[in-house]
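K.L.:
Would you mind keeping the following structure in view while I ask a few things?
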Amino acid sequence: FSCAIPPRPIGGPRMLRAARIGAPLGLRRWCAPGGGSVQMAVRENLAAVQAAVEKAALVRAESMKESVPPPVRLVAVSKTKPVEALKEAYDAGQRHFGENYVQEIIDKAPQMPEDTQWHFIGHLQGNKVGALVKGVPTLACLETIDSEKLARNLDKAWGAAYPDRRLRVMVQVNSSGEESKNGLDAAEVVPLCRAIVDECKSLELAGLMTIGAPDYSGCRGEDFELLHKCRSELATALGVEIDSLELSMGMSSDYENAIRHGSTSVRVGSSIFGAR
């Protein structure tokens, strides 16, 4: 197998994808720029991100005068990446993976070990709920609930397929107010979450999720602060401990800042697998 770089590379400058046309995801081969090892690239990138997560958590602990840094989950976002790349991350110790598209997660899930923890982080249409539930029995969390109708449909489908265990879900909040983003306004969070807790017995409310505005990768953090406020109000409304509700916020461009603002779960893709 040759790692020669084609004249017009596909997939971005950091990681080049060489796929046989028509080959299934699990059979695609990658090579790093200059013929380097994909295994080495993924492992090194993953280690660098893990170190950055730990450092940001330590900064957060120091700012809150806590002796122990809070645990932060790293979800490796693998959309458009071949299963081969996911397996390299898995072999390096990564267990939580995130996907944005229903068909892609359905294709990949059977090719990964059973202890892989799948997170669905894309917009879920009602007509695809059944396919997702049946196709990914190892689904660990669905992070993008944005309506009571979707919650009820998911509750019904999951309860019918897996009556012995609940599915963890997060409610997505549009903290930036951008029309291009899905999610609820802050004022809508408590009513939807209350409906999930009271009426969707096959679902377990895990917390809140948001996608910050693109320019929040630096020192700003208004989006993250808003989600933090939403969590405080939600905990009071539900009568639960605030730490029992997770905050999924932060991606490749802003995950360190998100952790410093209290994120308990970050979704990182290109910093691990390279640009799409």
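K.L.:
Given the condition without any contact (Cβ under 8 Å) to a residue 24 or more places away in the chain, of a type in the set (Gly, Ala, Ser) and not in a loop (DSSP other than H, G, I, E, B), answer yes or no: does some residue in segment 248-260 qualify?
P.N.:
No: segment 248-260 contains no residue that is without any contact (Cβ under 8 Å) to a residue 24 or more places away in the chain, of a type in the set (Gly, Ala, Ser) and not in a loop (DSSP other than H, G, I, E, B).
K.L.:
Can you tell which of ALA109, ALA151 is modelled with pLDDT of 95 or more, of a type outside the set (Lys, Arg) and buried (at least 22 other Cβ atoms within 10 Å of the Cβ)?
P.N.:
Every option except ALA151 fails the conditions.
K.L.:
Strands (runs of 3 or more DSSP E) wholly in segment 29-142 with at least 1 residues that are within 19 Å of the chain's Cα centre (by Cα) - which ones?
P.N.:
The qualifying strands (runs of 3 or more DSSP E) are 73-77, 96-99, 117-120.
K.L.:
Right, something else. For the structure I just gave you, tell me whether LYS87 is under 24 Å from ILE211 (Cα atoms) and either out of contact with any helix residue (DSSP H, G or I) (no Cβ under 6 Å at 6 or more places or on another chain) or modelled with pLDDT of 95 or more (or both). First the steps, then the outcome.
P.N.:
Details: under 24 Å from ILE211 (Cα atoms): no; either out of contact with any helix residue (DSSP H, G or I) (no Cβ under 6 Å at 6 or more places or on another chain) or modelled with pLDDT of 95 or more (or both): yes.
So LYS87 does not fit the description; no.
K.L.:
Name the residue that is surrounded by the fewest Cβ atoms within 10 Å (Cβ to Cβ), counting only residues in segment 63-84 that are aliphatic (A, V, I, L, M) and farther than 13 Å from GLY274 by Cβ.
P.N.:
The extreme case among them is VAL68.
K.L.:
Any chance you could count how many residues in segment 148-180 are of a type in the set (Gly, Ala, Ser), outside any helix (DSSP H, G or I) and closer than 18 Å to LEU238 by Cα? Write out each step before concluding.
P.N.:
Initially, segment 148-180 is screened for residues of a type in the set (Gly, Ala, Ser), giving 151, 157, 159-161, 175-177, 180.
From the residues that got through so far, the ones that are outside any helix (DSSP H, G or I) too are 175-177, 180.
With the extra rule that they be closer than 18 Å to LEU238 by Cα, the set shrinks to none.
Residues flagged as of a type in the set (Gly, Ala, Ser), outside any helix (DSSP H, G or I) and closer than 18 Å to LEU238 by Cα within segment 148-180 amount to 0.
K.L.:
Then there is this: Considering every residue within segment 181-196, establish whether at least one is touching a helix residue (DSSP H, G or I) at 6+ places or on another chain (Cβ under 6 Å), crowded, with 18+ Cβ neighbours inside 10 Å and more than 21 Å from GLY239 (Cα to Cα).
P.N.:
no
K.L.:
Next question, about the same structure. Determine whether ALA157 is in contact with a Gly (Cβ under 8 Å, 6 or more places away or on another chain) and surrounded by fewer than 19 Cβ atoms within 10 Å (Cβ to Cβ). Let's see the steps before the verdict.
P.N.:
Values: in contact with a Gly (Cβ under 8 Å, 6 or more places away or on another chain): yes; surrounded by fewer than 19 Cβ atoms within 10 Å (Cβ to Cβ): yes.
Criteria met by ALA157.
The values are calculated or read from the model by the stated rules, or taken from the named source; none is laboratory data. Bear in mind the structure is a predicted one, so any value in this text is a computation, not a measurement. Using ideal geometry, Cβ is built from the backbone for each residue, glycine included, and neighbour counts are taken over all protein chains shown.
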